[in-house]
Amino acid sequence: MNKLKITSLAIILLLGVASGCKKDKEEVDTIYPTISIEAANAFPKQCSILKRGEKFIFRADLSDNIALGSVSVDIHHNFDQHSHSTEVLGCNMDAKKTPINPLLYIKDFPIPSGQKSYQIAQEIEVPANVDPGDYHFLIRLTDQSGWQTIKGLSIKIQ
Amino acid sequence: MKKWYALFFSCFLASYVLAQSTEVSVYVSTTQQTAVKSAKVFLNQSTVVTDATGTAVLKNIPLGNYVLTVQATGYADYEKRVQITAANKHIHVKLKPEITELKTVEISSNAQNIRKNSEARSIEVVDQRFVQQHLGGSLMQTLDRLPGISNIGIGSGQSKPLIRGLGFNRVVVVDKGIKHEGQQWGADHGLEIDQFAAGEIEVIKGPSSFLYGADAIGGAINLKPVRIAMNQGLGGSVNLIGKSNNDHYGTSINLFGSNKKWFFDSRITYQSYADYRVPTDTVYVYDFAVGLRQNRLRNTAGRETGLHFNTGYVGEHFKTSLYASNSFAKSGFFANAHGLEPRRVDQALHDRSNRDLLSPYQRVNHFKLISRTEISHPTSKTELELGFQRNFRQEFNHYVNHGYMPPVYPSNMAIPQHLEREYDKFIYSGNLRHSFMFQQHQLQVGLNADYQDNGISGWSFLIPGFKQFNTGVFMYDKYVVNHQLILHGALRYDYGHIQFERYDDWFTSERKEGNITTIERLTRAASFSRDFNSFVWSAGMNYNSGKLGFKVNIGKSFRMPIAKELAANGVNYHYFSYEKGNANLNAEVAYQADLGISYTEKKWTVSFSPFYNYFPNYIYLNPTPHHDYYYGAGNQVFEYTQSRVMRYGAELKANYQLIPSLSTEFLGEYLYSEQLSGNKKGFTLPFSPAPSALINLTWSPKISDKLHNSYLSIDYRLTAPQNNIVPPEKKTPGYQIVNVQMGTTLSLNKQVFELSVQAQNLLNAKYLNHTSFYRLIELPEASRNIILSLKMPFKIN
């Protein structure tokens, strides 16, 4: 009986402390922004192909529950086949090779402030003299609270 | 404020009451109640030999807590902490015959209670027996069971302490009097401590800067040296350890010897483990499915060795010891993800063996040399500790050209191609303390100083090399008003200086300004220095009246910003973040109020320890909405900023003895943190442990004369979900796990076998730990693990 009393006392005390914090606190943002490449005109998608010496439009739907922050694109080679695709679907890979003049493209794009959703449409040029092969197209998206979502796509440059 | 300090201390010193001393009589007998004559009884610098009736009378012993030592030929040394009060001055000591269990120094739970009752802060004390019983992959995983203690872990063998949600450089680990210095700031680094070599372990929950220096703003873990009994001859013990989850095997062998004045103690520990298992065959790094062969986390194997040697002299008024140790560990990181970075790996190569170590992996070597000297004067004591440490850490990984790094590693680089990061740290430290009695005041004054030189190498850069000097002076007064009331007061002044070395990238980066593109090697860190100083204080009291114990403590603590907070300027690809230090940070300050209430009845005890903590300028790595392409290679900017932070919480502990052989225990912990200002106002702090409760049932039967200390103990841990998160964390669901421990001590022909068996995560629950390094990639915690440990003490005559 005594044990029961103590256990219940313990639980009550603990709950008491626990509930002490649940006063009217402003809700904080705990939701990550999202990157969607589901739209028909979104590009690139997993396993898309880019052509050397040509321009393409990077198009993706970005959204957040409160306000978007900024978006950053990183295109780097994956000739050694060891980095960061976040997609379920794999692509056909070329053989491993040593890079000579791989494309390296890093750029961040601001998003007009206060936007909950935004379709980015950014022209990117693939120089003619870069190594063809497997690349990663890494999209990093933040929201105003500092949550970051990463999408890593496997693409090919021909 | 200054006036207040002065008033506070004058109150302590001026309240003049005649010192209360008493006559203590110690009766020494065998376990069969036969008086032992000519036994030496040591208490508070007095030594008296027992007379023919087995009695020794020690005169003029001030009321207080002491270690009582009794030595007699043919019997094991007896050592016990006693509290001398007006009511408790007759002590009966039963000596055990000298057998192989000789070295065991009795640190009874009663002694631990005495210490808790005379300490105003909230403390937990455990010993090697606890380590044996709850043996985890590392010391911190073992201590995780204590309420208010958790750990930040990576893999099966590395983890860092987290005391009431504060960790890294906010917790000090003191090893044999000297602050252990490694790379405290990194979540993917372990703590280079051999858990078998620890004697008594004291965990101080809450700010302890006044005693342990600036970094102890969140608490301290004090690893005391193993106590060596004198006049033992040669002896030792062999420990064998096996774990089923990661095919871990290990041994720790101890050899010691002592005569009347000299002793030595040595230990060798070796542990080897394979990739550990999780209760799933597929993990998802982002959405990318990674298949696990035989549920094993690829490349998380490791090896560890620990070498320890301790020798010294113990005289009547002079004690000195020299301690040398080297701990080495080599362990792998999960190959399919290094931090948050998903990787495609050669699975066939990795899966060829579960014990091999391929990239990425780390090697850490920690060398330590500590000298401790204690000189006893008639009414005072002087202690000197000198330490030298070298922490050498290397992290190896395939070269990955992130950002602007060249696609192929240049052949003319002096840095080896697989060396991602290297930290080489030399630490010289010294402590000087003088303790003396002044009427009922037990006073301690002290000086600490340390100098460290940190070098860096590797192709990735996060923090620059630096040199740092810290020093502090303190004064601590423990005023024993009467046997019920003790008051505490402490003051400390600290000064610190940190000097950074310039660092330039070894590769060039592109910057476009308008139409002009510049190509240059970026300067990541400038050569600059900062000075800090701070004045901290602490005040507390204990009131113990029979069954009721009450303690309260308030204090101010401080912490100097660390190198990473002041000068980080690089990309942490483990988190896809660009971490940016802030050279203008102020020293972090914390105010804390602690309360402790305990009530002890014959069959049950309950203790409750709530706390409230306020930081006017908590240093925090804030994830911003921005990306940086020049310095940050397109990664999200994480910037060190300071914000006001409020934290509170409590631990609850209750024991109930159902019948003499059956007891039950409840341990609960709760913590709440909130940022009160800045960009993350309203958010919590990172790595906040979820509320958790542990219910234990222990059966300790007396089976036969040959089997003693037998126990069967079940821990049922319930952890609530953690929905209170801050970027980049994820909400962690609650979980329930069951751990079982059992053990016994078997005596066969004078040989003793201490056997313990543990089943951790008995039901093989799949759960996530909010404070795990791998939490962000949704990696579940280890699956069921059966741990066997056998300890065989021996004696060489």
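Starting from the alpha-carbon convex hull of region B:626-738, give the projected area averaged over all orientations, in nm².
The number I arrive at for region B:626-738 is 11.2 nm².
Sort B:THR698, B:THR684 so the one with the fewest other Cβ atoms within 10 Å of its own Cβ comes first.
B:THR698, B:THR684
I need the calculated FRET efficiency for the pair B:TYR409 and B:HIS497, taking r as the beta carbon distance and R₀ as 45 Å, to the nearest 0.05. Write out the running numbers ahead of the final one.
Values: r = 37 Å, r/R0 = 0.82.
According to the calculation, E is roughly 0.75.
In percent, how large is the relative contact order of chain B, given Cα pairs closer than 8 Å and 6 or more residues apart?
This gives 10 percent for chain B.
When the chain is fully extended, how far beyond the present Cα-Cα distance does B:LYS547 get from B:THR251, taking 0.36 nm per residue of separation?
Value of the extension gain: 102.3 nm.
Okay, which of region B:28-68 sit inside 12 Å, backbone N to the point 7 Å along the Cα-Cβ direction of B:LYS94?
The answer is B:29-34, whose backbone nitrogens lie closer than 12 Å to the label point.
With a point put 7 Å past each Cα toward its Cβ, work out how far B:PHE318 is from B:ARG293 in nm, to one decimal.
6.3 nm
For region B:527-662, with the dipole built from +1 on Lys and Arg beta-carbon atoms and -1 on Asp and Glu ones, taken about the Cα centre, which of B:SER538, B:HIS574, B:GLY634 lies farthest toward the positive end?
Result: B:SER538, furthest along the dipole toward the positive end.
Extension gain B:GLU520-B:ASP504, at 0.36 nm per residue separation less the Cα-Cα distance, in nm?
Once the chain is fully extended between B:GLU520 and B:ASP504, it gains 4.8 nm.
Excluding same-chain residues fewer than 8 positions from B:LYS59, which aspartates and glutamates have a Cα within less than 12 Å of its Cα?
B:GLU23
Can you grab the distance from the C-alpha centre of region B:259-320 to the C-alpha centre of region B:677-731, Å, no decimals?
Spelled out, the Cα-based centre of one part sits 22 Å from the other.
Report the relative contact order of region B:121-230, percent, no decimals, based on alpha-carbon pairs under 8 angstrom and at least 6 residues apart.
About 29 percent, as a whole number.
If you line up the long axis of helix B:2-14 against the longest principal axis of chain B, both from Cα atoms, how many degrees apart are they, to the nearest 10?
Between helix and principal axis, roughly 20 degrees.
Report, in debye and to the nearest 20, how large the dipole of region B:551-601 comes out about its Cα centre when Lys and Arg carry +1 and Asp and Glu carry -1 on their Cβ.
Values: 5 positive and 5 negative charges, 34 e Å.
That gives a dipole near 160 debye.
Does region B:175-230 come out rounded, prolate or oblate, given a ≥ b ≥ c as the square roots of the eigenvalues of its C-alpha gyration tensor, rounded meaning a/c under 1.5 and, failing that, prolate meaning a/b above b/c?
Since a/c reaches 1.5 but b/c is at least a/b, the shape of region B:175-230 is classed as oblate.
Counting only C-alpha contacts under 8 Å and six or more residues apart, can you give the relative contact order of region B:418-497 as a whole percent?
Rounded, it is 28 percent for region B:418-497.
Keeping to pairs on different chains or 8 or more places apart, tell me how many lysine pairs in region B:423-573 have Cα atoms under 22 Å apart.
5
Using only the C-alpha atoms of the protein assembly as shown, find the volume of their convex hull and express it per residue in Å³.
Taking only Cα atoms, the protein assembly as shown has a hull volume of 169 Å³ per residue.
Compute the Cα gyration tensor for region B:215-263, then decide on rounded, prolate or oblate, letting a ≥ b ≥ c be the square roots of its eigenvalues: rounded whenever a/c is under 1.5, prolate when a/b is larger than b/c in the other cases, and oblate in all that remain. Let's see the in-between values first.
Values: a/c = 5.36, a/b = 1.17, b/c = 4.58.
Since a/c reaches 1.5 but b/c is at least a/b, the shape of region B:215-263 is classed as oblate.
With charges only on Cβ, +1 for K and R and -1 for D and E, what is the dipole size of region B:573-724 about its Cα centre, in debye, rounded to 20? Don't jump to the answer; show the numbers that get you there.
On the way: 11 positive and 12 negative charges, 61 e Å.
For region B:573-724, the charge dipole is close to 300 debye.
Suppose each label sits 7 Å from its Cα in the direction of the beta carbon; what would the B:ARG355-A:LYS45 distance come out to in nanometres?
Going from the B:ARG355 label point to the A:LYS45 one covers 4.9 nm.
How much length is gained if the chain between B:THR379 and B:SER661 is pulled fully straight, taking 0.36 nm per residue apart and subtracting their Cα-Cα distance, in nm to one decimal?
97.1 nm
If I model a spin label at B:PHE794 and B:MET475 as a point 7 Å from the Cα along the Cα→Cβ vector, what separation in nanometres do I get?
That separation, rounded to one decimal, is 5.4 nm.
Among B:GLY472, B:GLY496, B:HIS708, pick out the residue whose Cα is farthest towards the positive end of the charge dipole of chain B, where Lys and Arg carry +1 and Asp and Glu carry -1 on C-beta, about the Cα centre.
B:HIS708
From the residues B:TYR614, B:VAL314, B:THR30, which one has its Cα farthest along the dipole of chain B in the positive direction, the dipole being from +1 and -1 charges on Cβ of Lys/Arg and Asp/Glu about the Cα centre?
Farthest along the dipole direction, towards plus: B:THR30.
So which aspartates and glutamates can B:LYS653 reach, going by Cα to Cα under 18 Å and dropping same-chain residues fewer than 8 places off?
Of all the aspartates and glutamates, those that pass the test against B:LYS653 - Cα under 18 Å, at least 8 places apart if same chain - are B:GLU119, B:GLU124, B:ASP144, B:GLU202, B:ASP594, B:GLU601, B:GLU665, B:GLU669, B:ASP715.
Exceeding 24 Å between C-alpha atoms, which entries from my cross-link table qualify? They are B:LYS37/B:LYS260; B:LYS602/B:LYS702; B:LYS731/B:LYS766; A:LYS116/A:LYS156; B:LYS224/B:LYS330.
A:LYS116/A:LYS156; B:LYS224/B:LYS330
Under a Cβ-only charge scheme (Lys and Arg +1, Asp and Glu -1), can you give me the dipole magnitude of the protein assembly as shown about the Cα centre, in debye to the nearest 20? Kindly include the intermediate steps, with their values, before the conclusion.
Working: 98 positive and 83 negative charges, 530 e Å.
Result for the protein assembly as shown is approximately 2540 debye, rounded to the nearest 20.
R0 = 56 Å: FRET efficiency of B:LYS602 with B:PHE528, Cβ-based, nearest 0.05?
Values: r = 63 Å, r/R0 = 1.12.
After rounding, the FRET efficiency stands at 0.35.
Can you give me the Cα centroid spacing of region B:338-406 and region B:490-568 in angstrom?
21 Å
With a Förster radius of 45 Å, plug the Cβ-Cβ distance of B:PHE753 and B:SER46 into 1/(1 + (r/R0)^6) and report the FRET value to the nearest 0.05.
For R0 = 45 Å, the calculated efficiency reads 0.70.
Under a straight-distance cross-link criterion of Cα-Cα below 16 Å, which aspartates and glutamates are reachable from A:LYS45, leaving out those fewer than 8 residues away in the same chain?
Reachable aspartates and glutamates: A:ASP61, A:ASP74, A:GLU87, A:GLU123, A:ASP134, B:ASP287.
If you find the alpha carbon centre of region A:102-158 and of region A:52-81, how far apart are they in angstrom?
Here the answer is 2 Å between Cα centres.
Every read-out reported here was derived from the displayed coordinates using simple, explicitly stated rules and does not represent laboratory data. Every value quoted in this text rests on a predicted model; they were computed, and no experiment measured them. Here the Cβ is made from the backbone with ideal geometry for all residues, glycine too, and neighbour counts use every protein chain on show.
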